[in-house]
Amino acid sequence: MEEEIKAEFLKSGFTLDEEQEILKKCHTFCQDYGLEPSDLVSSWEIYYLNRQLDESVVKDAEMDGFLGHLQSEQLGASAKKDPGLHMYSFKDVDMVLDAEDEDAKDVILGTPIDKSEKLQLDIYDSAHKTNGNIYSSERKSKLVTPFGKRSNKFVVKFNIDNLPTIETANGIEEHYDLEDGIIKRVQPLKSSSLVVHRSGLEPGCRFMYDTIEDRFNAIENRIRKHAAALVASSLYEEPMDPSVASQRSMFAVGMICCDGEGHLNDKSILLQSSVEHSRGQLVRLELNKLSYFSVFPGQVVGIKGHNPSGHCLIASELVDSVPLSIAADADLPPTKKQALDGEIQATHLSSTPTETTMIIAAGPFTTTDNLLFEPLSELLAYATRNSPQLLILLGPFIDSEHPQIKKGTVDLSFDDIFQSEVLRMVQDYLEYMGPNARLVMVPSIRDANHDFVFPQPAFDLDSLNVRLQITSLNNPGIFEADQFMIGCCTVDILKHLSGEEMSRHSMDGQPNDRLSRLANHILSQQSFYPLYPPAEGVPMDFSLASEALHISSVPDLLILPSDIKYFVKVLPVGGTTEGEEEQMKRCVCINPGRLAKGEGGGTFVELKYQGSSDKMNASIISI
């Protein structure tokens, strides 16, 4: 049977790392659970996708986790065959033990407690249960989860070090000395001043009422704004109608479209110009004469070329970016900014850049095998030891893709889970750290407890009586921290662009950095989501998109969480000629990865920033 198992793995595109050991274990799995080799490999494919494994290599280290996956499948199959049958596990034993503890405590009958009152007690009266560790609990300590057994805790995966004096090396050694739960409390040096740029989205706003006219106006306005910006730069002439036959060279501005369904190719690229210049007509675009380009549907570009037949525009130059404002927000009216600190004006009077320390993490914040939120607990414990001024948490917090959420096997509502698990932890963290600590929360369209729309309003935390140190942003959102601008978007635009982009690389030997190129599209298109039509599963509301998705100026930090591998990139934005090289704005683009991956841990980013990419220390760390 081992040869059959091997053949099935190879047939499905998998290779075996330690072949003999893996085949021996898989043979045992088939015997124990009555599986055919094809069924076993099918189960492995599901396990492979759930764990989001990077390589199509079956490794012996994954066999224990795969065994647990097979056991879960057998339990599910048994429950379907006989709904009345219950197979006991450690969770049931833990529940019985907890019930016995409660019975021992509540020997004397008292007044029944309302469910909402009990929830409030759980949230705000949890400090006496922690026994010195603000992120531990009796319930969690009894369970031994795959996340709890992980290795390589708090290992630096990647680092950019441009600061003259750094304490990172000492800090890494410190991580392993605190497993006993004793936390060294260090106050942040100073509070980080925050200014939120509002975009018209408010909690409870009306959405998903957009019309065809809204879609048309959103596209038309993007094309016209790009055309006006290119003409205003004095580098390009007034756009012409690209569908008119002419032997003369012309300049046109339009949006890249695909002729039919599927991905772009050499024969399917179309250019849609504005109603003002060409009545919105489409013309085929030929890029064969270009040595380098990168295009995707929805991208607004300028094209120099000629159209001898009237049916095909032959490009000789492609302009894929427009001049961006480098001033922080000089054009924004006062109503677009909300000051959260009384001392913000005094802060802006200082011309000396100060160091801001922050930790950035993106959800999911719990593993797929439970809702204990262990990764979030570990992250907050790490933040307590390292004392950042700013903690940025990006959703999903209550992930709608979590197996228990999808199956509906949880007893509490999504709002109750959000309050009793996530908000309780972060409020305990802020209370412990003192008034100088700040926390920013950005929702995700995968949050089961929030509006399923993009752009997405911020969490409505005003009604939950949370601490003033928590700031909730729209998705996408822009805010200032100590005079530098930070942009955030939790929709996985990098992954969506990577699936739709068509590019040709230059043959001059220069290295091709695809991740930087994808991130640069966000800045060059002045939009947090320039892809059109949106990817499947993105609930785009075009009545809100024009203002909420627009990037009016280059942010200093651009945070784009993605399923693509984590990275920190310094992106040059602006001129490319030698004279403009020194004046280019540089944006630090950050993909912190996911804090939880399957049943294991993921990564987060720790950043020390002194006002520019030349003065920062950025580390990607495994949780």
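Annotation note: of Leu558, Leu549, the sole residue that is in the same structural domain as Ser444 (by the TED database), modelled with pLDDT of 95 or more and crowded, with 18+ Cβ neighbours inside 10 Å is Leu558. Checking each residue in the stretch 367-378 for being hydroxyl-bearing (Ser, Thr, Tyr) and either open to solvent by less than 10 Å² (accessible area, probe 1.4 Å) or out of contact with any Pro (no Cβ under 7 Å at 6 or more places or on another chain) (or both) picks out Thr367, Ser377. Close contacts from the stretch 18-30, counting a first residue that is surrounded by fewer than 18 Cβ atoms within 10 Å (Cβ to Cβ) and a second that is among the β-branched types (Val, Ile, Thr), with Cβ to Cβ under 7 Å and a gap of 6+ residues or different chains, come to His27/Ile5.
May I ask you to list the residues in the stretch 227-260 that are aliphatic (A, V, I, L, M) and in contact (Cβ under 8 Å) with a residue 24 or more places away in the chain?
Ala227, Ala229, Leu230, Ala232, Met240, Val244, Ala245, Met250, Ala252, Val253, Met255, Ile256
Of the numbered criteria (1) more than 31 Å from the chain's Cα centre (by Cα); (2) within 17 Å of Gly600 (Cα to Cα), the one Met63 fails is (1).
For the stretch 424-440, filtered to residues that are without any contact (Cβ under 8 Å) to a residue 60 or more places away in the chain and within 15 Å of Ser191 (Cα to Cα), the residue that is surrounded by the most Cβ atoms within 10 Å (Cβ to Cβ) is Leu439. Looking for whichever is at pLDDT below 95, open to solvent by less than 10 Å² (accessible area, probe 1.4 Å), not hydrophobic (A, V, I, L, M, F, W, C) and not assigned by the TED database to the domain that holds Ser243 here; the options are Thr335, Thr356, Thr347. Which one fits? Criteria check complete, one pass: Thr356. Residues considered: Ile522, Ile564. Of these, the only one that is within 23 Å of Ser503 (Cα to Cα), in a loop (DSSP other than H, G, I, E, B), of a type in the set (A, V, I, L, M) and open to solvent by less than 50 Å² (accessible area, probe 1.4 Å) is Ile564. Tallying residues that are at negative phi and either among the aliphatic types (A, V, I, L, M) or at pLDDT below 90 (or both) within the stretch 408-430 yields 10. Scanning the stretch 201-226 for residues that are in contact (Cβ under 8 Å) with a residue 60 or more places away in the chain and of a type in the set (A, V, I, L, M, F, W, C) gives Leu201, Cys205, Phe207, Met208, Ala218, Ile219, Ile223.
Could you say which residue among Leu376, Leu391 is farther than 24 Å from Pro455 by Cα and at pLDDT 95 or above? Walk me through how you get there before you give the answer.
On the way: Leu391 fails: farther than 24 Å from Pro455 by Cα.
Going through Leu376, Leu391 in turn, the sole match is Leu376.
Looking only at the stretch 390-413, count how many residues are part of a loop (DSSP other than H, G, I, E, B) and surrounded by fewer than 23 Cβ atoms within 10 Å (Cβ to Cβ).
Initial filter on the stretch 390-413 (part of a loop (DSSP other than H, G, I, E, B)): 395-398, 400-402, 408-413.
Now drop any that are not surrounded by fewer than 23 Cβ atoms within 10 Å (Cβ to Cβ), which leaves 400-402, 408-413.
Matching residues across the stretch 390-413 total 9.
Can you say whether Asn217 is modelled with pLDDT under 90 and surrounded by fewer than 19 Cβ atoms within 10 Å (Cβ to Cβ), as far as the supplied structure shows?
Details: modelled with pLDDT under 90: no; surrounded by fewer than 19 Cβ atoms within 10 Å (Cβ to Cβ): yes.
So Asn217 fails the test.
Scanning the stretch 31-53 for residues that are free of Cβ contacts under 8 Å to residues at least 40 places away in the same chain, open to solvent by 50 Å² or more (accessible area, probe 1.4 Å) and closer than 25 Å to Ala596 by Cα returns Ser42, Glu45, Ile46, Leu49.
The values are calculated or read from the model by the stated rules, or taken from the named source; none is laboratory data. What you are looking at is a predicted structure, and each value in this text was computed from that prediction instead of being measured. Positions of Cβ are generated from backbone atoms using ideal geometry, with glycine treated the same way; all protein chains shown enter the neighbour counts. With ligands, DNA and RNA removed, areas are computed over all heavy atoms of the protein, side chains included. Shrake-Rupley method; radii C 1.70, N 1.55, O 1.52, S 1.80 Å.
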